[in-house]
Amino acid sequence: MEKKMKIIIVGFGKVGATLTEQLCAENHDVVVIDLQEKKLETAESNYDVMTVQGNGASFNVQMEAGVEEADLFIAVTASDELNLLCCLIAKKAGKCHTIARVRNSMYNKEIGFIKEQLGLSMIINPELATAKEIAKLLRFPSAIQIDTFAKGRVELLKFKLLPEFQMDGLRVIDITEKLKCDILICGIERGEEVSIPNGNYILHDNDYVSFVATPQNASKFFSKIGMKIQRVKNTLVIGGGKITYYLALQLLKMGIHVKIIENNQERCSDLSESLPAAHIIHGDGVDESLLLSEGIENAQSVVSLTNMDEENLLISLFAKKHSKAKIIAKVNRITFNDIIDDLDIGSVIYPKYLTAYTILKYVRATQNAQGSNVETLYKILNNHAEALEFVIRENSPVVGVTLSQLNTKDNLLLCCINRKGHIIIPRGQDTIQVGDTVMVVTTHPGLGDIRDILKERS
(Lines give C-alpha, C1' and ligand atoms only; values in the text may rest on other atoms or scores of the structure.)
Protein backbone atom coordinates (compact mmCIF):
# COMPACT_ATOMS: atom_id res chain seq x y z
CA MET A 1 0.00 0.00 0.00
CA GLU A 2 2.78 2.45 0.89
CA LYS A 3 5.83 2.70 -1.29
CA LYS A 4 9.33 3.06 0.04
CA MET A 5 10.72 6.42 -1.07
CA LYS A 6 14.20 7.50 -2.07
CA ILE A 7 14.91 10.75 -0.22
CA ILE A 8 17.95 13.04 -0.47
CA ILE A 9 18.70 15.35 2.48
CA VAL A 10 21.18 18.21 2.05
CA GLY A 11 22.59 19.48 5.36
CA PHE A 12 23.17 17.25 8.39
CA GLY A 13 22.56 19.81 11.14
CA LYS A 14 19.96 19.51 13.93
CA VAL A 15 16.98 19.31 11.57
CA GLY A 16 18.82 17.17 9.01
CA ALA A 17 19.77 14.66 11.71
CA THR A 18 16.24 14.55 13.18
CA LEU A 19 14.77 14.04 9.71
CA THR A 20 17.27 11.30 8.90
CA GLU A 21 16.38 9.49 12.12
CA GLN A 22 12.62 9.71 11.49
CA LEU A 23 12.75 8.77 7.79
CA CYS A 24 15.09 5.82 8.39
CA ALA A 25 12.73 4.60 11.12
CA GLU A 26 10.00 4.54 8.45
CA ASN A 27 12.25 2.44 6.15
CA HIS A 28 12.87 4.99 3.41
CA ASP A 29 16.12 4.99 1.41
CA VAL A 30 17.94 8.09 2.64
CA VAL A 31 21.01 9.75 1.11
CA VAL A 32 22.70 12.56 3.09
CA ILE A 33 24.79 15.27 1.38
CA ASP A 34 27.05 17.54 3.45
CA LEU A 35 30.37 19.34 3.01
CA GLN A 36 31.76 18.15 6.35
CA GLU A 37 33.20 14.65 6.46
CA LYS A 38 32.78 14.46 10.25
CA LYS A 39 29.01 15.01 10.01
CA LEU A 40 28.72 12.33 7.34
CA GLU A 41 30.65 9.87 9.53
CA THR A 42 28.12 10.55 12.31
CA ALA A 43 25.24 9.96 9.88
CA GLU A 44 26.73 6.66 8.67
CA SER A 45 27.53 5.34 12.15
CA ASN A 46 24.07 6.18 13.57
CA TYR A 47 21.75 5.40 10.64
CA ASP A 48 21.42 3.10 7.66
CA VAL A 49 22.11 5.80 5.06
CA MET A 50 24.30 6.47 2.05
CA THR A 51 26.36 9.69 2.20
CA VAL A 52 27.92 11.99 -0.40
CA GLN A 53 30.48 14.65 0.54
CA GLY A 54 30.20 17.89 -1.39
CA ASN A 55 28.13 20.97 -2.17
CA GLY A 56 24.43 20.08 -2.40
CA ALA A 57 23.93 22.69 -5.13
CA SER A 58 26.43 20.95 -7.42
CA PHE A 59 24.82 19.07 -10.31
CA ASN A 60 27.54 16.39 -10.18
CA VAL A 61 27.13 15.88 -6.42
CA GLN A 62 23.35 15.54 -6.85
CA MET A 63 23.84 13.02 -9.68
CA GLU A 64 26.20 11.00 -7.45
CA ALA A 65 23.48 11.02 -4.75
CA GLY A 66 21.01 9.61 -7.29
CA VAL A 67 18.78 12.64 -7.86
CA GLU A 68 17.42 11.10 -11.09
CA GLU A 69 15.74 8.27 -9.15
CA ALA A 70 14.85 10.34 -6.06
CA ASP A 71 11.22 10.85 -5.00
CA LEU A 72 11.94 13.72 -2.63
CA PHE A 73 14.78 16.24 -2.21
CA ILE A 74 15.05 18.20 1.08
CA ALA A 75 17.49 21.09 1.58
CA VAL A 76 18.02 22.14 5.21
CA THR A 77 21.48 23.77 5.23
CA ALA A 78 22.13 26.95 7.24
CA SER A 79 21.78 29.10 4.09
CA ASP A 80 18.35 29.96 2.64
CA GLU A 81 19.81 30.84 -0.74
CA LEU A 82 21.78 27.60 -0.93
CA ASN A 83 18.64 25.61 -0.03
CA LEU A 84 16.67 27.30 -2.83
CA LEU A 85 19.48 26.76 -5.34
CA CYS A 86 19.79 23.08 -4.34
CA CYS A 87 16.06 22.58 -4.93
CA LEU A 88 16.11 24.44 -8.25
CA ILE A 89 18.91 22.21 -9.55
CA ALA A 90 17.26 19.05 -8.18
CA LYS A 91 14.05 20.02 -9.98
CA LYS A 92 15.97 20.28 -13.28
CA ALA A 93 18.20 17.24 -12.71
CA GLY A 94 15.48 14.88 -11.47
CA LYS A 95 11.71 14.70 -11.33
CA CYS A 96 11.43 14.79 -7.56
CA HIS A 97 9.37 16.78 -5.08
CA THR A 98 11.48 19.49 -3.41
CA ILE A 99 11.37 21.04 0.07
CA ALA A 100 13.52 24.00 1.18
CA ARG A 101 14.07 25.51 4.60
CA VAL A 102 13.88 29.32 4.28
CA ARG A 103 14.29 31.31 7.49
CA ASN A 104 14.99 34.93 6.58
CA SER A 105 11.96 37.11 7.43
CA MET A 106 12.80 39.22 4.36
CA TYR A 107 11.58 36.34 2.16
CA ASN A 108 8.48 35.71 4.22
CA LYS A 109 6.22 38.04 2.23
CA GLU A 110 7.46 36.47 -1.02
CA ILE A 111 7.16 32.80 -0.07
CA GLY A 112 4.20 32.15 -2.41
CA PHE A 113 6.01 33.69 -5.38
CA ILE A 114 9.28 31.84 -4.67
CA LYS A 115 7.50 28.50 -4.18
CA GLU A 116 5.55 28.83 -7.42
CA GLN A 117 8.40 30.14 -9.58
CA LEU A 118 10.90 27.52 -8.40
CA GLY A 119 8.32 24.72 -8.48
CA LEU A 120 8.89 23.82 -4.83
CA SER A 121 6.53 21.41 -3.07
CA MET A 122 7.01 23.10 0.29
CA ILE A 123 8.92 25.90 2.00
CA ILE A 124 9.51 25.60 5.73
CA ASN A 125 10.30 28.43 8.12
CA PRO A 126 11.15 26.80 11.51
CA GLU A 127 11.21 30.10 13.41
CA LEU A 128 7.75 31.09 12.18
CA ALA A 129 6.38 27.59 12.96
CA THR A 130 7.87 27.79 16.48
CA ALA A 131 6.39 31.26 17.06
CA LYS A 132 2.93 30.02 16.02
CA GLU A 133 3.25 27.10 18.44
CA ILE A 134 4.16 29.44 21.33
CA ALA A 135 1.34 31.89 20.48
CA LYS A 136 -1.11 28.97 20.60
CA LEU A 137 0.05 28.10 24.13
CA LEU A 138 -0.24 31.70 25.34
CA ARG A 139 -3.80 31.78 24.05
CA PHE A 140 -4.58 28.72 26.20
CA PRO A 141 -2.08 28.85 29.12
CA SER A 142 -3.60 25.88 31.01
CA ALA A 143 -2.20 23.43 28.47
CA ILE A 144 1.39 22.23 28.30
CA GLN A 145 1.03 21.28 24.66
CA ILE A 146 -1.61 22.00 22.01
CA ASP A 147 -1.82 20.37 18.58
CA THR A 148 -4.55 21.40 16.15
CA PHE A 149 -6.65 19.29 13.79
CA ALA A 150 -9.59 19.77 11.42
CA LYS A 151 -8.20 23.16 10.36
CA GLY A 152 -8.25 24.45 13.94
CA ARG A 153 -11.73 23.18 14.86
CA VAL A 154 -10.32 20.48 17.14
CA GLU A 155 -7.40 20.53 19.55
CA LEU A 156 -5.36 17.86 21.27
CA LEU A 157 -4.34 19.34 24.63
CA LYS A 158 -2.02 18.05 27.33
CA PHE A 159 -2.10 19.09 31.00
CA LYS A 160 -0.78 17.88 34.35
CA LEU A 161 -3.31 16.41 36.78
CA LEU A 162 -2.90 18.35 40.05
CA PRO A 163 -4.40 17.40 43.45
CA GLU A 164 -6.62 20.53 43.49
CA PHE A 165 -8.58 19.18 40.49
CA GLN A 166 -9.87 16.32 42.71
CA MET A 167 -9.68 13.75 39.92
CA ASP A 168 -7.30 11.28 41.59
CA GLY A 169 -8.75 7.75 41.49
CA LEU A 170 -11.44 8.57 38.92
CA ARG A 171 -11.88 6.35 35.88
CA VAL A 172 -11.71 7.96 32.43
CA ILE A 173 -15.42 7.21 31.92
CA ASP A 174 -16.31 8.91 35.25
CA ILE A 175 -14.79 12.19 34.11
CA THR A 176 -16.98 12.73 31.07
CA GLU A 177 -20.06 11.66 33.06
CA LYS A 178 -19.24 13.68 36.19
CA LEU A 179 -18.21 16.88 34.40
CA LYS A 180 -20.64 16.50 31.47
CA CYS A 181 -17.99 17.67 29.02
CA ASP A 182 -17.71 16.51 25.44
CA ILE A 183 -14.02 15.61 25.55
CA LEU A 184 -12.14 12.39 24.84
CA ILE A 185 -9.12 11.43 26.95
CA CYS A 186 -6.72 9.72 24.55
CA GLY A 187 -3.35 9.50 26.27
CA ILE A 188 -1.81 9.23 29.75
CA GLU A 189 1.86 9.60 30.67
CA ARG A 190 2.80 8.27 34.11
CA GLY A 191 6.53 8.28 34.73
CA GLU A 192 8.04 6.09 32.00
CA GLU A 193 4.68 4.47 31.21
CA VAL A 194 2.59 5.70 28.28
CA SER A 195 -1.01 4.49 27.75
CA ILE A 196 -3.87 4.99 25.36
CA PRO A 197 -6.59 4.41 27.96
CA ASN A 198 -9.98 2.72 27.81
CA GLY A 199 -12.96 3.91 29.87
CA ASN A 200 -11.92 1.93 32.97
CA TYR A 201 -8.41 3.37 33.16
CA ILE A 202 -7.88 5.00 36.59
CA LEU A 203 -6.25 8.45 36.73
CA HIS A 204 -3.82 9.61 39.40
CA ASP A 205 -2.43 12.96 40.48
CA ASN A 206 0.70 14.05 38.53
CA ASP A 207 -0.36 12.09 35.43
CA TYR A 208 0.05 14.00 32.18
CA VAL A 209 -3.32 13.75 30.47
CA SER A 210 -3.90 14.35 26.74
CA PHE A 211 -7.44 14.90 25.50
CA VAL A 212 -9.28 15.88 22.33
CA ALA A 213 -12.00 18.56 22.22
CA THR A 214 -13.19 21.60 20.32
CA PRO A 215 -11.59 24.81 21.71
CA GLN A 216 -14.94 25.75 23.33
CA ASN A 217 -15.34 22.35 25.04
CA ALA A 218 -11.69 22.38 26.14
CA SER A 219 -12.37 25.78 27.79
CA LYS A 220 -15.46 24.39 29.55
CA PHE A 221 -13.51 21.37 30.80
CA PHE A 222 -10.59 23.44 32.16
CA SER A 223 -13.04 25.85 33.74
CA LYS A 224 -14.94 23.03 35.50
CA ILE A 225 -11.79 21.54 37.02
CA GLY A 226 -10.74 25.01 38.20
CA MET A 227 -7.96 25.85 35.75
CA LYS A 228 -7.09 29.26 34.31
CA ILE A 229 -8.61 29.58 30.85
CA GLN A 230 -8.09 33.25 29.95
CA ARG A 231 -5.27 33.94 27.55
CA VAL A 232 -2.37 35.92 28.99
CA LYS A 233 -2.44 39.74 28.85
CA ASN A 234 1.32 40.28 28.92
CA THR A 235 4.49 38.37 28.18
CA LEU A 236 8.18 38.79 28.98
CA VAL A 237 10.41 37.37 26.25
CA ILE A 238 14.11 36.76 26.88
CA GLY A 239 16.20 36.83 23.68
CA GLY A 240 15.48 38.84 20.56
CA GLY A 241 16.08 36.43 17.68
CA LYS A 242 13.91 35.53 14.68
CA ILE A 243 11.41 33.49 16.72
CA THR A 244 10.90 36.46 19.05
CA TYR A 245 10.23 38.77 16.10
CA TYR A 246 7.56 36.46 14.62
CA LEU A 247 6.08 35.77 18.06
CA ALA A 248 5.83 39.47 18.99
CA LEU A 249 4.05 40.22 15.70
CA GLN A 250 1.40 37.61 16.51
CA LEU A 251 1.01 38.52 20.19
CA LEU A 252 0.69 42.25 19.51
CA LYS A 253 -2.09 41.45 16.99
CA MET A 254 -3.83 39.47 19.77
CA GLY A 255 -3.66 42.54 22.05
CA ILE A 256 -1.01 41.03 24.35
CA HIS A 257 1.58 43.45 25.79
CA VAL A 258 5.11 42.31 24.81
CA LYS A 259 8.36 43.13 26.62
CA ILE A 260 11.63 41.80 25.12
CA ILE A 261 15.04 41.63 26.86
CA GLU A 262 17.97 41.36 24.41
CA ASN A 263 21.67 41.78 25.16
CA ASN A 264 22.81 42.94 21.71
CA GLN A 265 22.43 46.73 21.30
CA GLU A 266 22.21 46.60 17.50
CA ARG A 267 19.53 43.91 17.60
CA CYS A 268 17.56 46.01 20.12
CA SER A 269 17.58 48.90 17.63
CA ASP A 270 16.35 46.59 14.84
CA LEU A 271 13.54 45.26 17.03
CA SER A 272 12.51 48.76 18.16
CA GLU A 273 12.20 49.72 14.51
CA SER A 274 10.36 46.61 13.31
CA LEU A 275 8.16 46.23 16.45
CA PRO A 276 7.28 49.79 17.54
CA ALA A 277 4.43 48.56 19.78
CA ALA A 278 6.71 46.24 21.80
CA HIS A 279 8.78 47.33 24.80
CA ILE A 280 12.48 46.54 24.09
CA ILE A 281 15.01 46.37 26.97
CA HIS A 282 18.77 46.22 26.36
CA GLY A 283 20.27 43.90 28.98
CA ASP A 284 21.35 40.40 29.98
CA GLY A 285 18.35 38.06 30.36
CA VAL A 286 20.28 35.89 32.84
CA ASP A 287 20.76 38.84 35.23
CA GLU A 288 18.42 38.07 38.16
CA SER A 289 18.17 41.68 39.33
CA LEU A 290 17.25 42.84 35.79
CA LEU A 291 14.53 40.18 35.52
CA LEU A 292 13.10 41.26 38.88
CA SER A 293 13.27 44.97 38.05
CA GLU A 294 11.54 44.33 34.71
CA GLY A 295 8.61 42.74 36.54
CA ILE A 296 9.08 38.99 36.16
CA GLU A 297 7.09 38.53 39.41
CA ASN A 298 3.98 40.06 37.81
CA ALA A 299 4.44 38.63 34.31
CA GLN A 300 1.60 36.38 33.16
CA SER A 301 3.95 34.54 30.81
CA VAL A 302 7.72 34.20 30.45
CA VAL A 303 9.19 32.87 27.21
CA SER A 304 12.91 32.01 27.08
CA LEU A 305 14.23 32.15 23.52
CA THR A 306 17.97 32.77 23.88
CA ASN A 307 20.46 30.78 21.77
CA MET A 308 21.58 28.82 24.83
CA ASP A 309 19.42 25.90 25.98
CA GLU A 310 20.96 26.00 29.47
CA GLU A 311 20.09 29.71 29.82
CA ASN A 312 16.52 29.08 28.71
CA LEU A 313 16.09 26.34 31.32
CA LEU A 314 17.69 28.41 34.11
CA ILE A 315 15.56 31.47 33.29
CA SER A 316 12.47 29.23 33.31
CA LEU A 317 13.38 27.81 36.74
CA PHE A 318 13.93 31.36 38.04
CA ALA A 319 10.54 32.43 36.62
CA LYS A 320 8.88 29.40 38.22
CA LYS A 321 10.33 30.35 41.61
CA HIS A 322 9.42 34.06 41.43
CA SER A 323 6.11 34.15 39.55
CA LYS A 324 2.88 32.36 38.67
CA ALA A 325 3.57 32.89 34.97
CA LYS A 326 2.92 30.49 32.11
CA ILE A 327 6.50 29.39 31.28
CA ILE A 328 7.78 28.35 27.86
CA ALA A 329 11.39 27.43 27.06
CA LYS A 330 12.99 26.73 23.70
CA VAL A 331 15.42 23.81 23.57
CA ASN A 332 17.55 23.14 20.47
CA ARG A 333 20.22 20.63 21.38
CA ILE A 334 19.80 19.15 24.83
CA THR A 335 18.64 15.55 24.62
CA PHE A 336 18.11 14.80 28.33
CA ASN A 337 14.32 14.79 27.91
CA ASP A 338 13.58 12.96 31.17
CA ILE A 339 15.67 15.49 33.17
CA ILE A 340 13.90 18.41 31.46
CA ASP A 341 10.53 16.78 32.27
CA ASP A 342 11.56 16.46 35.93
CA LEU A 343 12.25 20.21 36.08
CA ASP A 344 8.47 20.65 35.60
CA ILE A 345 8.88 24.17 34.18
CA GLY A 346 5.86 24.17 31.87
CA SER A 347 6.05 23.94 28.09
CA VAL A 348 9.28 23.04 26.33
CA ILE A 349 9.43 23.70 22.58
CA TYR A 350 11.82 21.88 20.22
CA PRO A 351 12.01 23.73 16.85
CA LYS A 352 13.91 20.90 15.13
CA TYR A 353 11.06 18.46 15.84
CA LEU A 354 8.41 20.90 14.59
CA THR A 355 10.26 21.17 11.27
CA ALA A 356 10.97 17.46 10.97
CA TYR A 357 7.36 16.45 11.70
CA THR A 358 6.00 18.91 9.13
CA ILE A 359 8.20 17.28 6.50
CA LEU A 360 7.33 13.78 7.77
CA LYS A 361 3.63 14.57 7.36
CA TYR A 362 4.30 15.60 3.76
CA VAL A 363 6.22 12.36 3.11
CA ARG A 364 3.35 10.23 4.47
CA ALA A 365 0.81 12.13 2.39
CA THR A 366 2.93 11.77 -0.76
CA GLN A 367 3.75 8.09 -0.45
CA ASN A 368 0.11 7.08 -0.31
CA ALA A 369 -2.22 9.12 -2.47
CA GLN A 370 -4.82 6.37 -2.92
CA GLY A 371 -7.89 6.10 -0.73
CA SER A 372 -6.91 8.38 2.14
CA ASN A 373 -4.18 10.89 2.87
CA VAL A 374 -2.39 11.87 6.04
CA GLU A 375 -3.47 15.49 6.43
CA THR A 376 -1.93 16.18 9.85
CA LEU A 377 0.70 14.39 11.92
CA TYR A 378 2.07 15.04 15.40
CA LYS A 379 4.33 12.98 17.63
CA ILE A 380 2.75 12.99 21.09
CA LEU A 381 3.04 11.38 24.54
CA ASN A 382 6.75 12.12 24.73
CA ASN A 383 7.26 10.84 21.18
CA HIS A 384 5.85 7.39 22.07
CA ALA A 385 2.68 7.86 20.02
CA GLU A 386 1.33 9.63 16.93
CA ALA A 387 -1.81 11.66 16.38
CA LEU A 388 -2.82 11.61 12.71
CA GLU A 389 -5.64 13.05 10.67
CA PHE A 390 -6.76 11.15 7.56
CA VAL A 391 -8.88 12.50 4.71
CA ILE A 392 -11.26 9.76 3.51
CA ARG A 393 -11.29 10.05 -0.28
CA GLU A 394 -12.98 6.81 -1.32
CA ASN A 395 -14.84 3.75 -0.09
CA SER A 396 -12.76 1.38 2.02
CA PRO A 397 -13.34 -1.35 4.66
CA VAL A 398 -13.68 1.32 7.40
CA VAL A 399 -16.48 3.29 5.69
CA GLY A 400 -20.10 2.83 6.78
CA VAL A 401 -19.32 0.36 9.60
CA THR A 402 -20.22 1.34 13.17
CA LEU A 403 -17.04 1.99 15.14
CA SER A 404 -17.95 -0.68 17.72
CA GLN A 405 -17.82 -3.27 14.90
CA LEU A 406 -14.50 -2.13 13.42
CA ASN A 407 -11.69 -4.54 14.28
CA THR A 408 -9.15 -1.81 15.11
CA LYS A 409 -5.63 -2.44 16.35
CA ASP A 410 -4.87 -2.40 20.06
CA ASN A 411 -3.41 0.84 21.43
CA LEU A 412 -5.34 2.86 18.88
CA LEU A 413 -8.17 5.30 19.44
CA LEU A 414 -10.46 7.06 16.97
CA CYS A 415 -10.72 10.50 18.55
CA CYS A 416 -12.65 12.75 16.23
CA ILE A 417 -14.61 12.83 12.96
CA ASN A 418 -14.86 16.11 11.07
CA ARG A 419 -17.86 15.93 8.74
CA LYS A 420 -18.02 19.08 6.60
CA GLY A 421 -17.03 21.23 9.57
CA HIS A 422 -19.31 19.43 12.06
CA ILE A 423 -17.13 17.91 14.80
CA ILE A 424 -18.11 14.50 16.18
CA ILE A 425 -16.34 13.09 19.25
CA PRO A 426 -17.14 9.51 18.22
CA ARG A 427 -18.98 6.86 20.19
CA GLY A 428 -19.55 3.19 19.30
CA GLN A 429 -22.57 3.80 17.03
CA ASP A 430 -20.90 6.43 14.84
CA THR A 431 -19.57 5.60 11.37
CA ILE A 432 -16.87 6.96 9.06
CA GLN A 433 -18.09 8.33 5.70
CA VAL A 434 -16.34 9.31 2.45
CA GLY A 435 -15.43 13.02 2.69
CA ASP A 436 -14.78 12.90 6.46
CA THR A 437 -11.47 13.67 8.07
CA VAL A 438 -10.73 11.26 10.89
CA MET A 439 -8.31 11.76 13.77
CA VAL A 440 -6.51 8.76 15.24
CA VAL A 441 -4.13 8.43 18.21
CA THR A 442 -1.91 5.35 18.25
CA THR A 443 1.36 3.90 19.50
CA HIS A 444 1.80 2.13 16.14
CA PRO A 445 4.24 4.26 14.10
CA GLY A 446 4.04 4.77 10.36
CA LEU A 447 0.31 4.60 9.58
CA GLY A 448 -0.12 5.90 6.03
CA ASP A 449 -3.71 4.99 5.17
CA ILE A 450 -6.96 4.82 7.17
CA ARG A 451 -7.04 1.06 6.46
CA ASP A 452 -3.92 0.69 8.58
CA ILE A 453 -6.06 1.18 11.72
CA LEU A 454 -7.53 -2.31 11.22
CA LYS A 455 -5.98 -5.52 12.58
CA GLU A 456 -4.53 -7.69 9.86
CA ARG A 457 -6.61 -10.76 9.20
CA SER A 458 -4.82 -13.89 10.27
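The values are calculated or read from the model by the stated rules, or taken from the named source; none is laboratory data. This structure is a prediction, so every number in the text was calculated from the model and none was measured. As a convention, Cβ positions derive from the backbone with ideal geometry for all residues, glycine included, and neighbour counts pool all protein chains shown. To get the accessible areas, we keep the full protein, side chains included, count just its heavy atoms, and leave off ligands, DNA and RNA. Shrake-Rupley method; radii C 1.70, N 1.55, O 1.52, S 1.80 Å.
For region 87-128, the equivalent ellipsoid derived from the alpha-carbon gyration tensor has semi-axes of 20, 10, 7 Å in decreasing order. Looking at region 298-450, the accessible area is 41 square angstrom per residue; that uses a 1.4 Å probe and ignores ligands, DNA and RNA. With the charge dipole of the chain set up from +1 on Lys and Arg Cβ and -1 on Asp and Glu Cβ about the Cα centre, the Cα lying farthest toward the positive end among the listed residues Ile238, Leu406, Ile340 is that of Leu406. Assuming charge only on the beta carbon of Lys and Arg (+1) and of Asp and Glu (-1), the dipole of region 294-398 about its Cα centre is about 220 debye to the nearest 20. Taking 1.306 mPa s as the viscosity and 10 °C as the temperature, the Stokes-Einstein diffusion coefficient of region 236-375 based on its alpha-carbon Kirkwood radius rounds to 97 µm²/s.
The residues of region 95-215 expose, per residue, 44 Å² of accessible area to a 1.4 Å probe. Given H placed 1.01 Å from N in the peptide plane, which residues other than close sequence neighbours of Ile380 have an amide H under 5 Å from its amide H? It is Ala385, Glu386, Ala387, by chain and number. Each residue of region 236-244 was assigned a 3J(HN,Hα) from its phi angle through the Karplus expression (A = 6.51, B = -1.76, C = 1.60, θ = phi - 60°), giving 10, 10, 9, x, x, x, 4, 4, 4 Hz with x at Gly and Pro. Ranking Ala143, Val331, Ile392 by Cα position along the charge dipole of the chain, where only Lys, Arg, Asp and Glu carry charges on their C-beta atoms, puts Ile392 farthest toward the positive end. The charge dipole of region 353-420, taken about the Cα centre with unit charges on the Cβ atoms of Lys, Arg (+1) and Asp, Glu (-1), comes to about 120 debye, rounded to the nearest 20.
Expressed to the nearest 5 percent, the antiparallel share of DSSP beta bridges inside the chain is 55 percent. Both radii come from the Cα set of the chain: Rg as radius of gyration, Rh as Kirkwood radius; their ratio Rg/Rh reads 0.97. The relative contact order of region 378-458, computed from alpha carbon pairs under 8 Å that lie at least 6 residues apart in sequence, is 41 percent. Ranked by the mean number of other Cβ atoms within 10 Å of their residues, highest first, the peptides 216-224, 348-356, 172-180 come out as 348-356, 216-224, 172-180.
Computed over region 117-252, the P(r) curve from all C-alpha pair distances, binned at 10 Å from the origin, holds 11, 37, 29, 17, 6, 1 percent per bin. Across all Cα atoms of region 306-458, the radius of gyration (one decimal) and Dmax (whole number) stand at 19.2, 59 Å. Region 6-83 gives an Rg/Rh value of 0.91, both radii derived from C-alpha positions and Rh following Kirkwood.
3J(HN,Hα) along region 146-158, derived from phi through the Karplus expression 6.51 cos²θ - 1.76 cosθ + 1.60 where θ = phi - 60°, amounts to 9, 10, 10, 9, 6, 6, x, 7, 10, 10, 10, 10, 10 Hz, with x in place of Gly and Pro.
With Cβ to Cβ distances under 11 Å as the rule, what net charge do the other residues near Ala143 carry (K, R +1; D, E -1)? Intermediate values should be presented prior to the final figure.
Details: positive: Lys136, Arg139, Lys158, Lys160, Lys228, Lys326; negative: Asp147, Glu155.
Surrounding charge for Ala143 is +4.
Comparing Cα centroids, region 121-188 and region 67-81 end up 34 angstrom apart. Put a plus charge on the Cβ of each Lys and Arg, a minus charge on the Cβ of each Asp and Glu, and nothing anywhere else: the dipole of region 270-344 about its Cα centre is then about 280 debye. Based on Cα contacts under 8 Å between residues 6+ apart, region 133-268 shows a relative contact order of 25 percent. Computed with a 1.4 Å probe over protein heavy atoms only, the accessible surface of region 1-57 comes to 47 Å² per residue. For region 377-458, the Kirkwood estimate of the hydrodynamic radius, built from every pair of different alpha carbons, is 12.9 Å.
What percentage of the solvent-accessible surface of the chain, computed with a 1.4 Å probe over protein heavy atoms, is contributed by carbon and sulfur atoms? That fraction is 48 percent.
Using only the C-alpha atoms, the convex hull of region 270-343 corresponds to 100 Å³ per residue. Summarised as an ellipsoid, region 152-217 has semi-axes of 18, 14, 11 Å, derived from the eigenvalues of the Cα gyration tensor scaled by 5 and square-rooted, with the largest first.
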